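The values are calculated or read from the model by the stated rules, or taken from the named source; none is laboratory data. Note that the structure is a prediction, hence the values are computed from the model and not measured. Glycine gets a Cβ as well: all are built from the backbone with ideal geometry, and neighbour counts include every protein chain shown.
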Amino acid sequence: MIREHWKSSIIFVLAAAGSAVGLGNIWKFPYMVGENGGSAFVLVYLACIVAVGLPILVAEILLGRRGDASPILAMQKVALESRASKAWAGIGWLGSIAGFLIASFYAVVAGWAGKYTVTLFSNEFEGADVPQVESYFATLLGDNTSMLIWGFGFLLVSLAFIALGVHRGLANLARILMPLLILMLLGLLVYAVIQGNISASLHFMFDFKPEDLNSDVILSALGHSFFTLSLGMCAIMVYGSYMPKNTSIGKAALAVGFLDTAIAIIAGVVIYSIVFDNGMQASAGPGLLFQTLPVAFEQLPNGHLVGGIFFLLVSFAALTSLVSIIEPFVAYMVDKGMSRILATGVFCVICSVFAVACTLSLNIWSAEPYLIAGLSIFDALDYLTVNIMLPLGGVLIAIFVGWVMKDTKIRRELKPQYEALYLVWRVFIRWIAPLSVIAVLLNQLSVI
Ligand code: TRP
């Protein structure tokens, strides 16, 4: 069977940016900025994107395109070609399994955003203050029916697009939603400039305050640079495997990295100028989007409509990411001869179990005996995947491409135009990226 490929490198960039731009950019990044002292975090994050994220992004795309198969088989092929052990296929296994775990809690949070879209558009928060919105959110977290309907809604829509295939499903989704997302975000930026406190927001995000730097800030910025670029679990690898042979990997990676970073920064600027305009605090943590922001929107002219558009944007971003989390596993089953629709169904059934467990763990299963190492199932899955599996996948990818894969094979895929740039990338992928990620991993495991 002939594998489908993206029709152009622009489609690849849109699809990969669709994967990268998600809840990580619009929900996590802004609250992490708030929790980690504003500009110090932003600057370190930018450095991590350049020094670790981009080199590994190039490596993942490269592996996918070279292998021209689902991550598990692609890794096997590329390893054999460089006379390395087939065990490197483990990277593909790690990624495909992580997909089930990430998709289950990602769909739940996407569901909250979907629910908020409707709530804001229908002006249910009119005149609400912080305690009221907080209690609305708390009620949602206790309402399993509502969370399951919304979470499964997101999963099923993603699965429908996956089942449609690479062109009709994934490419079309990205081609329509990404431009819309960018337009909505630029519109929100204009609104924030006119209605919000843009200068307070810019100062908070960009004033250089070296005294705020500490190792926690650096480590959380590094960890997040992984999650936000969808690295470490072969999502970008599988998208790379659909990339046409004659397109430039370097340029595509730069475009994806740029879009992802620009969208996170703009989302942060928009959110903080609206939050500060109401004299609210930046350090709200994960509740920033679901507890603080709706109140801030309510204070502004047409706030419920603008807020509705904001949450619609979050929902779109989540959808184009969710499909990429699911695709590595489905691609593997398809390589093994299963139909796409059946493979999607299998994913759905297995993932449902985790998704239900995640949802219940927010309320009736939130205490013993349902805790794993003291964490709820939701938090445990988040921790295990984001803090352990992704960095582990990332470090293995960097080691494989930096140390195991033959230079001639790498050059055949990358076709470097500027030798100096290639050599710089080599240094980053061999040394800087793996060593920094190992530092994060050891820190997560509380070794350092
Ligand atoms: N990058 C997405 C975000 O920022 C999440 C995501 C999509 C992801 N695919 C992934 C994270 C693969 C890790 C691995 O929200």
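Remarks
- Selection from the range 356-373 of residues that are surrounded by fewer than 24 Cβ atoms within 10 Å (Cβ to Cβ) and in contact (Cβ under 8 Å) with a residue 12 or more places away in the chain: V356, A357, L360, S361, L362, N363, I364, W365
- Every test in (1) within 19 Å of F347 (Cβ to Cβ); (2) buried (at least 24 other Cβ atoms within 10 Å of the Cβ); (3) within 13 Å of the ligand (Cβ to nearest atom) is passed by V108 save one, and that test is (3).
- When we screen G303, G257 for residues that are more than 30 Å from R65 (Cα to Cα) and not basic (K, R), the only hit is G303.
- If you go through the range 327-385 and keep only what is part of a loop (DSSP other than H, G, I, E, B) and either under 22 Å from P71 (Cα atoms) or in contact with a strand residue (DSSP E or B) (Cβ under 8 Å, 6 or more places away or on another chain) (or both), you end up with K336, G337, M338, S339.
- Residue within the range 194-211 that is within 23 Å of I49 (Cβ to Cβ) and basic (K, R) present: yes
- Tally, over the range 233-251, of residues that are modelled with pLDDT of 95 or more and buried (at least 22 other Cβ atoms within 10 Å of the Cβ): 11
- If the condition is being among the aromatic types (F, W, Y) and near the ligand (Cβ under 9 Å from one of its atoms), then the range 319-336 contributes no residue at all.
- Applying the condition of being among the β-branched types (V, I, T) and within 13 Å of the ligand (Cβ to nearest atom) to the range 14-56 and asking which residue is nearest to the chain's Cα centre (by Cα) yields V21.
Condition check ((1) out of contact with any Asp or Glu (no Cβ under 9 Å at 6 or more places or on another chain); (2) of a type outside the set (D, E, K, R); (3) within 13 Å of the ligand (Cβ to nearest atom); (4) touching a residue at least 60 places away in the same chain (Cβ under 8 Å)) across all residues:
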residue: L202; (1), (2), (3), (4): yes, yes, no, yes
residue: D207; (1), (2), (3), (4): yes, no, no, yes
residue: L222; (1), (2), (3), (4): yes, yes, no, yes
residue: F226; (1), (2), (3), (4): yes, yes, yes, yes
residue: K245; (1), (2), (3), (4): no, no, no, yes
residue: T261; (1), (2), (3), (4): yes, yes, yes, yes
residue: S273; (1), (2), (3), (4): yes, yes, no, yes
residue: A282; (1), (2), (3), (4): no, yes, no, yes
residue: G287; (1), (2), (3), (4): no, yes, no, yes
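- When the range 338-354 is limited to residues that are over 21 Å from the mean Cα position of the chain (by Cα) and either more than 23 Å from R168 (Cβ to Cβ) or among the hydrophobic types (A, V, I, L, M, F, W, C) (or both), the one that is surrounded by the most Cβ atoms within 10 Å (Cβ to Cβ) turns out to be A343.
- Residue check for A103: crowded, with 24+ Cβ neighbours inside 10 Å, part of a helix (DSSP H, G or I) and within 13 Å of the ligand (Cβ to nearest atom): yes
- Tabulated pairs, the range 50-63, first acidic (D, E), second in a helix (DSSP H, G or I), C-beta under 7 angstrom, 6+ apart or interchain: E60/I236; E60/M237; E60/G240; E60/I397
- Within the range 2-23, residues that are farther than 17 Å from I102 by Cβ sit with their Cβ atoms under 9 Å from residues that are of a type in the set (D, E) and within 15 Å of the ligand (Cβ to nearest atom), at 6+ positions apart or across chains, in these pairs: A17/D260.
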